[in-house]
Amino acid sequence: VLAESGFPPLLPSLCVGCRGLLIFRPPFISVFAALRYTKKQGFRKDLLRKYCKGGNQSLDDLKDSNLTNVIVDDKHGIIYCYIPKVACTNWKRTLIALNYSEPYPDPMSFEHEWVHDSERFQHLNDFPKPEREAKLKHYTKFLFVRDPFVRLISAYRDKLLNYNQYFYEGYVRLIFFPCDLFAVATPDGKSLQPSFYDFIQYILDPRTEKKEPFEPHWRQMHRLCHPCLIEYDFVGHQESLQEDAQELLKILKLENDIKFPSSYKNMTSADSVMDWFQSVPLEDRRKLYRIYEEDFLLFGYRRPTELVDD
């Protein structure tokens, strides 16, 4: 009856605890799951088309420096745009593992700092424009995004809450002393720790981007990956990372060859956002939302009314 109805045939599987008996499981669950993912991806890509409509910029208008986050894997026909604080370490680990011989090594065997060496990858801006166009046309292109304010909190916690020489020398001093690049508060600088309020004021300060764009860990996601200029085939969300990663590996026909690493418990939950923003005045929250509004709209994140409305 199922075959006459157009459904795939029932497939036998071993019933655990049934003394080796074979049972027949209807394929409805996998079919419906596939339809659900197709619908979810369709919705996410429709949003991009909706909010990108009317733009008159093309990829040719971008400087090469604007494409440094776009990784190319020729072996598997993959293009991945990584966004800091959105599982990019584990995606880089996975791409590195895929470029070894089969059986692929465990992605988690690669050290955190090691995978962030840009020389480990080819980037879209490494290729002449005709090759870029061919790869963009034929390769599977994906990115993963995250609630913009949650990502901002995560960046602050990871890079500014604890001492980090690169971020201290490049950014912490600017937060406290925007007019004096050589100012220090202590001999080693390690006691100079900006509050979350300080960090938000630094982002809101119009002087911050006069010399250079935001640091990538808090730069807007659309400015890193250009979703209105690159037509992505798959848009994953940090909030459903494991499910989305598994679905993407299926699309790439790699689900049986490699496992995306399990994610750590997210310490910056959406529920805690209100607590973080308590020190930030309402008007500043509204200004901050305007800076990241395009990310909220393009990637389907709701406007945080509890933060920006009276």
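Tell me, Kirkwood radius of region 76-117 from alpha-carbon pair distances, in Å?
Radius from the Kirkwood sum: 10.8 Å.
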_Could you sort the peptides 110-120, 126-136 by per-residue average Cβ neighbour count (10 Å cutoff), highest mean leading?_
126-136, 110-120
*Would you kindly derive the ³J(HN,Hα) couplings of region 240-246 from the backbone phi angles with the Karplus curve 6.51 cos²θ - 1.76 cosθ + 1.60 (θ = phi - 60°), listing them in order in whole Hz, with x for Gly and Pro?*
10, 4, 5, 5, 5, 4, 5
*asked:* Using each residue's phi in region 249-261, evaluate 6.51 cos²θ - 1.76 cosθ + 1.60 at θ = phi - 60° and report the 3J(HN,Hα) Karplus result to the nearest Hz, with x for Gly and Pro.
replied: 4, 5, 4, 7, 6, 10, 5, 8, 9, 8, 10, 5, x
*asked:* Could you give the length gained by full extension between Y166 and E215, i.e. 0.36 nm per residue of separation minus their alpha carbon distance, to one decimal place?
replied: 16.5 nm
_Rounded to whole Hz, the Karplus (6.51, -1.76, 1.60) HN-Hα couplings of region 294-310, x for glycine and proline_ = 4, 5, 4, 6, 4, 9, x, 9, 6, 5, x, 4, 5, 9, 10, 9, 5
_region 104-168: Rg to Rh, with Rh as the Kirkwood radius over Cα pairs_ = 1.07
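If you roll a 1.4 angstrom probe over the protein chains with everything in place, what fraction of the accessible area of region 211-284 belongs to carbon and sulfur, to the nearest %?
51
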_Can you give me the long-range amide H partners of F144? Hydrogens built in the peptide plane at 1.01 Å from N, cutoff under 5 Å, separation of 5 or more residues or another chain._
I83, G236
_Give me the 1.4 Å probe accessible area per residue for region 54-109, excluding ligands and nucleic acids, in Å²._
44
_Whether region 36-131 is rounded, prolate or oblate, judged on the alpha carbon gyration tensor where a/c under 1.5 counts as rounded_ = oblate
*Extension gain from L59 to Q278, taking 0.36 nm per residue of separation minus the Cα-Cα distance*: 74.9 nm
*Residues whose placed amide H lies under 5 Å from that of H123, excluding near-sequence neighbours*: V72
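Got a number for carbon plus sulfur as a percent of region 114-168's accessible area, 1.4 Å probe?
44
Write down Rg/Rh for region 233-297, rounded to two decimals, with Rg from the C-alpha atoms and Rh from the Kirkwood relation over Cα pairs.
Reported Rg/Rh, Kirkwood definition of Rh: 1.15.
The values are calculated or read from the model by the stated rules, or taken from the named source; none is laboratory data. The shown structure was predicted, so the numbers you read here are calculated from the model rather than taken from an experiment. Cβ sites come from the backbone with ideal geometry, for glycine too, and all protein chains shown count toward neighbours. Only protein heavy atoms, including side chains, enter the accessible area calculation; ligands, DNA and RNA are left aside. Shrake-Rupley method; radii C 1.70, N 1.55, O 1.52, S 1.80 Å.
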